[in-house]
């Protein structure tokens, strides 16, 4: 067997299942993230574990465990604050005018991980509740990881997690102490619903969204996967909706279906150009 | 350069906090209890005070009440940094005039995030 057969096997699995491109210089990530799984299967070394899998093949359950273990679930409340300031100061007030007739807003957090992003958005609405009285606010958080979505639904966070990004005033307003954890208030939890969703698989999300946040996920995808996801985001977004990407991500050179807002980094509007449909990665 | 007074009866905590704050470009001073802290504030008011709750001689809450009662000088930002981690203590601290609240244990990320929250960075 080739010396890197184990790495190649894992790399192929991640590309096919999650669109993630695993560069060889990320071998340290494989060692750190798969260690517990390898030990759980009786292997001292991750390398031996992967070589074994390359020889014997990977069953469905183990494939899911491998992908989940390799995902980067790093997130925190009000991460990179600027997108939330932008929502609060500009996008939501605009939508309040644009949707005055229907009094309904739909928001999709497309890589919600353990839920901090959609809950942060729900807090923005709660903090301006008088302006949104009588409105239907539908916030959907999705993630490929079932474990992350289970945690997100629980609404329970560690002391460390609530101290990253949340001011003490927001903690007091939107959380309750629950044993050693902090629980998102029932009012905030009621504003968000979660579902497991692989961005490379079929989407069952219903009506178009007014805002789609897809932050810090496209950066891990190969070019074709980015095009495919952006094409489908375009279809899932209202014609006057807004797309929010991560600070290190862009549509430039990937899709002409969106135009950047030069005043607000990471903010994009649909151009009205119907993007071509690409062959789906999965 | 902004200044921060670290008030904690634990020498180890003061040392760890000092290292983090100096890495965040703060000039730091230390006090082991509230009374020492109050005397230092009267000499030179810092921009930020990182404040423990339970200390001998004068507690963090007693210090904060005395500090906020002072009529003269600039108003420093006060960030409680304590093992007290229930809502009643948090509310009491904010009601007494604290600007932020850190629940121990802390690390660099937490201190940096909390100082950013109050605009101290």
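The values are calculated or read from the model by the stated rules, or taken from the named source; none is laboratory data. For clarity, every value in this text was computed on a predicted model and none was experimentally measured. Note: ideal-geometry Cβ built from the backbone for every residue, glycine included; neighbour counts use all protein chains shown.
Quick notes
- Filtered residue count, segment A:130-139, keeping only those that are without any contact (Cβ under 8 Å) to a residue 24 or more places away in the chain and part of a strand (DSSP E or B): 0
- Positions within segment A:227-240 being surrounded by 23 or more Cβ atoms within 10 Å (Cβ to Cβ) and in contact with a helix residue (DSSP H, G or I) (Cβ under 7 Å, 6 or more places away or on another chain), in sequence order: A:229
- Meets criteria (within 14 Å of chain A (Cβ to nearest Cβ) and either surrounded by 14 or more Cβ atoms within 10 Å (Cβ to Cβ) or not in a helix (DSSP H, G or I) (or both)) for residue B:78: yes
- Exactly one residue out of B:120, B:32, B:37, B:69 is modelled with pLDDT under 95, away from chain A (no Cβ under 11 Å) and more than 24 Å from residue A:163 (Cα to Cα): that is B:69.
- Considering (1) at pLDDT below 95; (2) surrounded by fewer than 21 Cβ atoms within 10 Å (Cβ to Cβ); (3) within 14 Å of chain A (Cβ to nearest Cβ), the lone condition that residue B:91 does not fulfil carries the number (1).
- Being at negative phi, within 12 Å of another protein chain (Cβ to nearest Cβ), touching a strand residue (DSSP E or B) at 6+ places or on another chain (Cβ under 9 Å) and assigned to a helix (DSSP H, G or I) is a description that applies to residue B:111.
Yes or no, residue by residue, for (1) surrounded by fewer than 22 Cβ atoms within 10 Å (Cβ to Cβ); (2) within 14 Å of chain B (Cβ to nearest Cβ); (3) without any contact (Cβ under 8 Å) to a residue 60 or more places away in the chain; (4) over 15 Å from residue A:75 (Cβ atoms):
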position: A:141; (1), (2), (3), (4): no, no, yes, no
position: A:149; (1), (2), (3), (4): yes, no, yes, no
position: A:158; (1), (2), (3), (4): yes, yes, yes, no
position: A:161; (1), (2), (3), (4): yes, yes, no, no
position: A:170; (1), (2), (3), (4): yes, yes, no, yes
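- Of the candidates A:166, A:171, A:95, the single residue that is outside any strand (DSSP E or B) and farther than 30 Å from residue B:84 by Cα is A:95.
- Search result, residues across segment A:210-237 that are under 16 Å from residue A:107 (Cβ atoms) and part of a helix (DSSP H, G or I): A:233, A:236
- Applying the set (1) assigned to a helix (DSSP H, G or I); (2) at positive phi to residue A:187 leaves exactly one unmet item: (2).
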